[in-house]
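Okay, structure first, notes after.
The values are calculated or read from the model by the stated rules, or taken from the named source; none is laboratory data. Treat the numbers as computed from the prediction; the structure is a model and nothing was measured. Backbone-built Cβ (ideal geometry, glycine too); neighbour counts: all protein chains shown.
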Amino acid sequence: MSKTIRKNAELQKIVKLRNKKDFTQEGLSIEMNYSSSYVKKIEKGQRELTSGYLDMFKKALDLENVPILDDEVKRFEADLLEWFKSYFVGNRKEAIERNPYFAKGAEWCLEPHIQLMYDVYSLIYYISVFDYVSLRQQVAKLEDASDRFTEEYRAMYHIGMGYSNLIDCYYERALKELLKVESITTRPKFIDEFLYHIIALCLTSIGIPIVAMDYIAKAQHEAVTNYNTRNNMSYQNILAINYKYIGKIEQSLSLLEELLRDAEGKLDSTGLKGSVYQNIASTHQEANAINEAVENFNKSLDCFARGSAAHTFTLYLKAVALADFGKIDECKECIDEGLKACPDDETLCGCLLNALKHSLQLKSPESVKYLEKIAIPRIKTFGLYRESLKYYEKLSNYFATVRSRKLALTYLKQAYIIKNKITKGVIDL
């Protein structure tokens with residue numbers, strides 16, 4: 001005999017779910033093979049609501065995995081937390097496969113905290129499956145719910161914000177968000193390896209090698225503590241880049257070549273190989289070996305989807321290298337290809353700015369002049385005032401050093417205008 005459920009709250013929930021599924025009492029009775037009068041009496045509390053009825057109700061409305069009773073909600077919440085943890089210290093592939101179960105359960109559960117919990121945790125799901133469009137959308141959605149965040153949720157929100165900036169190549173903005181996470185002492189400790197990993201990526205991309213290497217060491221320590229070896233190759237890749245930055249070219253190339261051998265034959269290594277080839281190319285560029293640099297940039301491009309941020313950024317790095325060695329026509333071809341291929345204008349803007357940054361670091365006048373004509377108008381289009389101010393100052397300093405007084409003054413004036421607007425409160429960084 002079915003166990004009797006006497007809680008009035010459950011009656012209210014099944015009525016809400018029936019209405020949410022656009023079923024009338026008569027329509028539901030047909031699906032459940034009950035009389036309509038019986039369904040009406042159940043919902044009015046005139047007949048006992050049994051677990052058997054509830055099972056039939058869920059089956060009729062395709063809600064088998066949806067928690068309704070209090071104990072079901074508690075179990076679902078505990079399972080949701082374990083699912084979230086498994087992305088960091090468990091079976092990530094299995095976690096990805098279980099996402100539809102949790103997505104549906106959270107969507108139809110009438111407890112607001114369950115939906116918020118899933119929305120926050122799903123940021124890591126979108127990162128894991130490289131669905132960066134959904135990641136950005138979820139971050140925007142969560143911004144409206146920020147007043148309900150716990151410290152744990154706030155940490156995950158800033159990780160989502162940081163990562164979305166990272167993939168768009170806005171490394172300084174990404175780092176700012178990630179350092180907020182590090183400052184939250186009550187954050188879940190099982191996220192620390194991932195956090196230190198992406199902080200190291202940001203620091204490496206900005207060009208702060210010593211601090212980046214410190215964060216790699218922190219991430220590796222967490223990996224050892226959690227018996228997690230799946231990110232070892234990524235850490236070696238980041239380490240190799242920083243070796244290049246501190247002038248250890250031979251050690252960098254040796255480590256990168258070793259990584260390529262280790263990645264051979266591994267199904268999930270395509271993105272890593274693309275990054276490794278990109279870094280080999282940049283290292284050869286540093287050593288003034290143009291043919292080897294271009295060859296490895298091309299290998300890197302073959303590893304990334306056309307139009308993705310990684311593909312577009314690699315094109316611009318290749319363009320900077322070509323300009324650096326006086327191959328201006330080929331440089332322009334690369335940039336034009338990137339402009340046509342990248343579907344996301346804000347991602348394109350981030351990639352262009354990073355290419356411009358590399359040009360400025362390499363003091364490559366032809367690529368600087370070409371890139372600033374393309375990148376700067378896009379900064380204005382998106383209202384990226386922080387980036388505008390930073391690059392106007394960099395460009396002013398650069399053109400001053402190459403004795404182009406007119407351009408130096410132009411960018412100095414633009415920087416002054418933005419600073420003046422900030423002072424007057426006309427714009428907000």
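Check whether at least one residue in the stretch 65-74 is surrounded by fewer than 14 Cβ atoms within 10 Å (Cβ to Cβ), under 40 Å from the mean Cα position of the chain (by Cα) and touching a residue at least 60 places away in the same chain (Cβ under 8 Å), and report yes or no.
Yes; the residues of the stretch 65-74 include at least one that is surrounded by fewer than 14 Cβ atoms within 10 Å (Cβ to Cβ), under 40 Å from the mean Cα position of the chain (by Cα) and touching a residue at least 60 places away in the same chain (Cβ under 8 Å).
If a residue must be in a loop (DSSP other than H, G, I, E, B) and among the polar types (S, T, N, Q), how many such residues does the stretch 197-255 contain?
The total comes to 4.
Kindly indicate whether any position in the stretch 195-213 is more than 21 Å from residue 277 (Cβ to Cβ), small (Gly, Ala, Ser) and surrounded by 17 or more Cβ atoms within 10 Å (Cβ to Cβ).
Looking for residues that are more than 21 Å from residue 277 (Cβ to Cβ), small (Gly, Ala, Ser) and surrounded by 17 or more Cβ atoms within 10 Å (Cβ to Cβ), one finds none in the stretch 195-213, hence no.
Here is a list of conditions, (1) surrounded by 12 or more Cβ atoms within 10 Å (Cβ to Cβ); (2) small (Gly, Ala, Ser); (3) within 30 Å of residue 146 (Cβ to Cβ); (4) more than 24 Å from the chain's Cα centre (by Cα), and residue 27 meets all of them except one; can you say which number that is?
Here residue 27 meets the rest and fails (3).
Is there any pair linking a residue in the stretch 165-187 that is at negative phi to one that is outside any loop (DSSP other than H, G, I, E, B) and basic (Lys, Arg), with Cβ under 6 Å and at least six apart or on different chains, and which?
Short answer, once both residue conditions are applied: 165/173.
Restricting the search to the stretch 218-238, which residues are modelled with pLDDT of 90 or more and of a type in the set (A, V, I, L, M)?
Across the stretch 218-238, the qualifying residue is only 219.
Can you tell me which residue among 369, 340, 357, 318 is farther than 29 Å from residue 133 by Cα and either part of a helix (DSSP H, G or I) or at pLDDT 75 or above (or both)?
From the options 369, 340, 357, 318, the qualifying one is 369.
Among the residues that make up the stretch 43-61, is at least one of them within 30 Å of residue 126 (Cβ to Cβ) and under 43 Å from the mean Cα position of the chain (by Cα)?
The answer is yes; a qualifying residue exists.
Within the stretch 279-338, work out how many residues are among the aromatic types (Phe, Trp, Tyr) and closer than 21 Å to residue 259 by Cα.
So the count comes out to 2.
Take the conditions among the basic types (Lys, Arg) and more than 30 Å from residue 245 (Cα to Cα) and apply them to residue 187. Does it pass?
Taking the combined requirement at face value, the residue satisfies it.
If residue 307 satisfies all but one of (1) of a type in the set (Gly, Ala, Ser); (2) under 25 Å from the mean Cα position of the chain (by Cα); (3) on the phi < 0 side of the Ramachandran plot, what's the number of the condition it fails?
Result: residue 307 passes all but (3).
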